Amino acid sequence: MTTSTLVFLLAMTAIFIVFMALGVFWAIKSGQFEDMEGPAQRILMDEDDPMLPVNQLDENGVANKSKLQ
Amino acid sequence: MNETAEQCYHCGQPVPQGFQYRVCIDDAEREMCCRGCQAVAQAIADNGLVEYYRSRTAMPASGQEVLPDELKKLALYDHPDIQRSFVIDAGEHSKEAVLILEGITCAACVWLNERHIKQLAGVISIEVNYASHRARVAWDEREIGLSRILQEIQLLGYNAHPYNARQADQLRKTQRKKDLQRIAIAGIASAQVMMLAVGLYAGAWYGIDPNTVHLLRWFSLLLTIPVATFAALPFYRAAWSGIKSGHLNMDVPVALAIITAFGGSLWVTVMGGEHVYYDTIGMFTLFLLATRLLETGAREKSVEAAENLLKLQPAMALRIRDGQQEYVPVMDLLVGELILAKPGETIAADAVIVDGVSSVDESLLTGESRAVAKQVGDSVIAGSTNLEGPLTLQVSGVGENTVLAGIVRLVDKAQAEKPEIALLADRVAGWFTMGLLAFTLIVGLTWLWVDSSRVFEIVLAVLVVTCPCALSLAVPAALAASGSHLIKRGILVMRGHALETLAQVNHVVFDKTGTLTIGKPEIVSMVNSGVLDDARCNTIAASLEQASEHPLAHAFIRRVEGAILPAVTAARNSPGQGVSGEIDGVAYTLGNREFAQASRGDQSETRIQADFPGATLVWLCDTQRVLAIFVLADPLRADAQAAVAALQARGVSVSILSGDGDAAVAHVAAQLGVKNSHSRQKPQDKLAVLQALQAEGKIVAMVGDGVNDAPVLAGAQVSFAMGTGTDVASQSSDIVLLSSKLQDVAVALDSGKGTLRVMRQNLWWAAIYNLTALPFAALGYVSPWVAALGMSISSLIVVMNALRLR
């Protein structure tokens, strides 16, 4: 492997690292690390339970998304 | 009916005999323990949120009954002056606020709240943070008011309070984000540097082109620059402030090691030489940052929970000016102004009564719900509740000049006088670091004389290997781990040193009212004169008491829950004495003996008094006869006996301090099997008893709840406050029992012992590791990367050992 190949590979690595760092910074900035426990638990809760009034179809066959008051 | 029917389906408490509270959930009738739980479960079922019961992993608190009064108070949160302090305008008509949610026990609670609030018309978004128990809610003010949102949350069995996101909180958030960024940089960079280092080490062994070595070193340098400058910045700052203030802290050798390694490697990279240590820098920084983040994370959890205790109360007062009544924020009140306190309202300022007769509940100060009669000329204290009649008050003190604020200042002073264990640890660390640096210097000078080419490598190895990380982590890691473990059980450790001291506690002092007892009077017995049957007497008494705000009144109404009460005509409320009125044309009176005009020949009072020491007697009479006598007393908490027994089983002696009369205190002490009890104690007497115990060499833990306990709580070596107690008590204590379970005291004692054990193990391990590794490093047998690995592993062992406490 010549030195020039190595320079090319390292340059690629550098670009990759910069993107990785930017991605992680964006994630931190957007608050993805603020609640470390909630999201893991939330995925277990069913949102599409047909028993929920919000998910029941009205007589026109349209999902009943009208808000309760 | 199966066995589980004995437990409340909602909260898991045992279902009392003879009550029928049922809700149909999942096609089956479920038993509930009380009307509060029934209401909450019904609300959950009606809104199609039954999924909650399937997914929850922990039981919630028992549902509390939502009283119309509390709903009225919630309406105050809609007042623009009150909202100013915690509501953000997110856009035209849309508002945003942070709410503290009380009663979140598992992820299903989060789901339940989000689900339910989201479906209200006018709510734009709601997001509940499971870790901090806070909700960020946005709503359209044209369609829904904040009070409605708070009310809906209350209907689900949770309590919501607006939270004033203060500067400290904001600061902590940005700090945490910065910390995460530093870790990300250190992590990404050190992973890459490590890969390059593998190339370099392999090259050194198998042979490598010098140009390639050069290239790899420069690339490593490029990657390490952000680590050594940005990521390691906190170490430099802490070290610099340590040096500036004249005492060396643990960060000094850390900063020194990083700077030395970086400077040396830079020199080698530019000028050529044997070794670069970029991989060491990356690993060292990353590991230190990560352990610190773990530790602060656990600590912040306690801080957040502590902040959640400080509720933002609506501080409004009804001011009378030129005959006009107007709600104004309390801070706008001036001394001498007139305010009106309606029955059921909290009195906003210290004041003197200029018109009206009533009684007030000063439980904020005493921890005991008892009506104190007040008339024109008497003074009332800010924070007490007006119970019976409207009072016109002249303000005599507001804000910092109130009695309450004075007590808070007293507590602060008592706290400042506590021994600072942390200070001692700091001083020891200073000496340790000094010795370390001196040793490194000696080693460096010796090697300069023996073999100058190896000086740099060896000094670096010594600095890294002796890095007191394990030593400095030994205590905080254990404290943080057991603190976050306890918080899950509802025990909030407010001050770190408390856990250390807990391990040595050999005497526990309990306050009586509100701590060992519930603090609210209940009807414990009833003596019927035989004219009417029991049920009829109960309904008559409850009907008469309906109009009263007196704390005793609730006991009567609770007793006939759900029954239809007959209408009362000509109802009259005589503050401090009792109530009277006509039911179905018959006049009845209910109140103390004189008021009820009980016949003097009746001897039953003395007999009952003997059976129930310290009880209050309430007489129900018609115009001629005594119909019944109700015995009201403050019952013991359900787990008081078990808690005292658990402590005594651990060889901890127990005593009771109370402001109550001899008979009542002796009665409670006898019930609990406590030999040592003191009655009629004023706050200063309590403090004197406490100091006498301490003078005997006892390590005393105090458990209390009222403002009157606050100075004693601050004076004890360790103090517990009940979560249901007053804010001042919670703030002056070291540990808050959020769920108000007395048995948690014993749990906390055990946990304190465990923590101390782990702390000792950690300190021993760290000391042994450092002392063993040091000679090898000094003699040149340890290369810097091995030193960094050893340092990391030793710290990791310390942290893992602490995590065992969970």
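Just so it is clear, none of the values below were taken in a lab; they were calculated from the coordinates. Everything numeric in this text was worked out from a predicted model, so none of it was measured. Ideal geometry is used to build each Cβ from the backbone, glycine not excepted, and the neighbour counts take in all protein chains shown.
The order of the peptides B:522-531, B:634-643 by mean Cβ neighbours within 10 Å, most packed first, is B:634-643, B:522-531.
Averaging the sequence gap over all C-alpha pairs within less than 8 Å and six or more residues apart, then dividing by the number of residues, gives segment B:3-42 a relative contact order of 40 percent. Using r as the Cβ-Cβ distance of residue B:587 and residue B:375, and R0 as 35 Å, what FRET efficiency do you calculate, to the nearest 0.05? Efficiency for this residue pair is about 0.85. Rounded to whole numbers, the Karplus 3J(HN,Hα) couplings from phi for segment B:627-640 are 8, 6, 10, 9, 9, 10, 9, 8, x, 5, 5, 4, 9, 4 Hz, using 6.51 cos²θ - 1.76 cosθ + 1.60 with θ = phi - 60°, and x at Gly and Pro. Within 10 Å of each Cβ of B:643-650, how many other protein chain Cβ atoms are there on average? For this peptide, the per-residue mean of nearby foreign Cβ atoms is 0.
Debye-formula intensities of segment B:206-284, expressed as log10 I(q)/I(0) at q = 0.20, 0.23, 0.27 Å⁻¹, are -0.84, -1.01, -1.22 (one equal scatterer per alpha-carbon, no solvent). The order of the peptides B:777-783, B:734-740 by mean Cβ neighbours within 10 Å, most packed first, is B:734-740, B:777-783. Subtracting the Cα-Cα distance of residue B:504 and residue B:172 from 0.36 nm times their residue separation leaves 116.2 nm of extension gain.
Compared with the direct C-alpha span, the chain from residue B:159 to residue B:781 gains 217.7 nm at full extension, assuming 0.36 nm per residue. Output the pairs from B:682/B:753; B:512/B:675; B:675/B:698; B:512/B:698 with a Cα-Cα distance over 26 Å in this structure; if there are none, say none. Beyond 26 Å: B:682/B:753. Compactness ratio for segment B:3-42: Cα radius of gyration over 2.2 N^0.38 Å (N = residue count) comes to 0.99. Starting from one equal scatterer on each C-alpha and no solvent at all, send me the Debye-based log10 I(q)/I(0) for segment B:648-806 at q = 0.18 Å⁻¹, two decimals. The calculated log intensity ratios at q = 0.18 Å⁻¹ are -1.10. For the pair residue B:772 and residue A:15, label points projected 7 Å from Cα toward Cβ lie 5.0 nm apart. The phi-based Karplus calculation (6.51 cos²θ - 1.76 cosθ + 1.60; θ = phi - 60°) puts the 3J(HN,Hα) values of segment B:764-776 at 4, 4, 4, 5, 5, 4, 4, 5, 6, 6, 4, x, 4 Hz, whole numbers, x for Gly and Pro. When each of the peptides B:137-148, B:478-489, B:85-96 is scored by how many other beta carbons lie within 10 Å of its residues on average, the order from highest to lowest is B:478-489, B:137-148, B:85-96. Averaged over the residues of B:619-631, the number of partner chain Cβ atoms lying within 10 Å of the residue Cβ comes to 0. By how many degrees, 0 to 90 and rounded to 10, does the Cα axis of helix B:146-155 deviate from the longest principal axis of chain B? Here the helix axis deviates by roughly 80 degrees. Rounded to the nearest 500, the helix-only mean residue ellipticity at 222 nm of chain B stands at -15500 deg cm²/dmol, with each DSSP H run of n ≥ 4 adding -39,500 (n - 2.57). Expressed as a whole percent, the proportion of Cα-Cα pairs in segment B:68-165 lying more than 16 Å apart is 51%.
For the peptide A:27-40, the mean number of other protein chain Cβ atoms found within 10 angstrom of a residue's Cβ is 4.
Once C-alpha pairs closer than 8 Å and six or more residues apart are averaged by separation and normalised to the residue number of segment B:87-172, the relative contact order reads 35 percent. Across bins of 20 angstrom width beginning at 0, how are the C-alpha pair distances of chain B distributed, in whole percent? Going from the shortest bin to the longest, the percentages are 13, 38, 31, 13, 4, 0. Three semi-axes describe the equivalent ellipsoid of segment B:171-256; taken as square roots of 5 times the Cα gyration tensor eigenvalues and ordered largest first, they are 33, 17, 9 Å.
Rounded to the nearest whole Hz, the Karplus-based 3J(HN,Hα) values (6.51 cos²θ - 1.76 cosθ + 1.60, θ = phi - 60°) of segment B:235-243 follow the sequence 5, 4, 4, 5, 5, 5, 5, x, 5, with x at glycine and proline. Given their separation in residues at 0.36 nm each and the Cα-Cα distance between them, residue B:121 and residue B:267 gain 45.9 nm when the chain is fully extended.
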